[in-house]
1. Quick one: count up the residues across segment 92-127 that are more than 21 Å from GLY28 (Cβ to Cβ) and out of contact with any Leu (no Cβ under 7 Å at 6 or more places or on another chain).
2. Report, ordered by the first and then the second residue, all pairs with beta carbons closer than 6 Å, sequence separation of six or more or different chains, a first member in segment 102-131 that is under 19 Å from GLU77 (Cβ atoms), and a second member that is among the small types (Gly, Ala, Ser) and part of a strand (DSSP E or B).
3. When both residues are 6+ apart or on different chains and their Cβ atoms are under 6 Å apart, which pairs have a first residue that lies in segment 36-60 and is small (Gly, Ala, Ser), and a second that is modelled with pLDDT of 90 or more and part of a strand (DSSP E or B)?
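The values are calculated or read from the model by the stated rules, or taken from the named source; none is laboratory data. Remember, predicted model here, so these are calculated numbers, not experimental data. A quick note on method: Cβ atoms are made from the backbone with ideal geometry, for glycine too, and the neighbour counts reach across all protein chains shown.
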Amino acid sequence: MWKEFLSSIGFGSAKVETVIAKEVYKPGDTIKGVVKIHGGNTEQTINKITLSLYTSLEETRDDSDFSFIDEECRHVELGNIGTIHPGEQRSIPIQIPLSANHPITKGNLKTFLRTSLGIPQAVNTTSEDEIIIS
């Protein structure tokens with residue numbers, strides 16, 4: 001029971017890592033990679049994996065306390081993931097198409113992929129990876 005409690009507040013829970021096949025993509029390409037799930041100290045049910053592709057613009061404005069403006073470009077959910085057991089390693093291949101007019105990485109404009117595990121009441125189950133679009 002103690003392990004279940006610790007996992008529910010983020011200690012010893014499952015972790016996610018996204019490995020992208022290459023560093024640079026062009027608009028219209030398909031981002032390919034693998035989501036790697038590393039089981040924690042207890043068995044946990046993963047309801048889904050959410051992959052969200054964002055553009056991020058760094059812009060200093062006098063009328064805002066925030067210097068980054070993130071805009072979601074693509075949202076993909078993978079369901080039926082099931083249960084991850086303690087110490088289990090699982091890899092799930094992914095493909096995310098870029099639009100033909102996806103903005104190029106330059107200056108203060110970047111693209112990143114956020115991967116989140118849908119585990120009820122878990123914390124720190126997210127991975128973010130920058131992707132260069134040329």
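1. First pass over segment 92-127, keeping only residues more than 21 Å from GLY28 (Cβ to Cβ): 92, 107-108, 114-127.
Within this subset, residues satisfying the condition of being out of contact with any Leu (no Cβ under 7 Å at 6 or more places or on another chain) are 107, 114, 116-124, 126-127.
Going through segment 92-127 one residue at a time, the tally reaches 13.
2. From segment 102-131, the pairs are ARG114/SER52; THR115/SER127; THR126/SER116.
3. Within 6 Å, the pairs are GLY39/ILE84; SER52/GLU72; SER52/HIS75; SER52/ARG114; SER56/LYS110.
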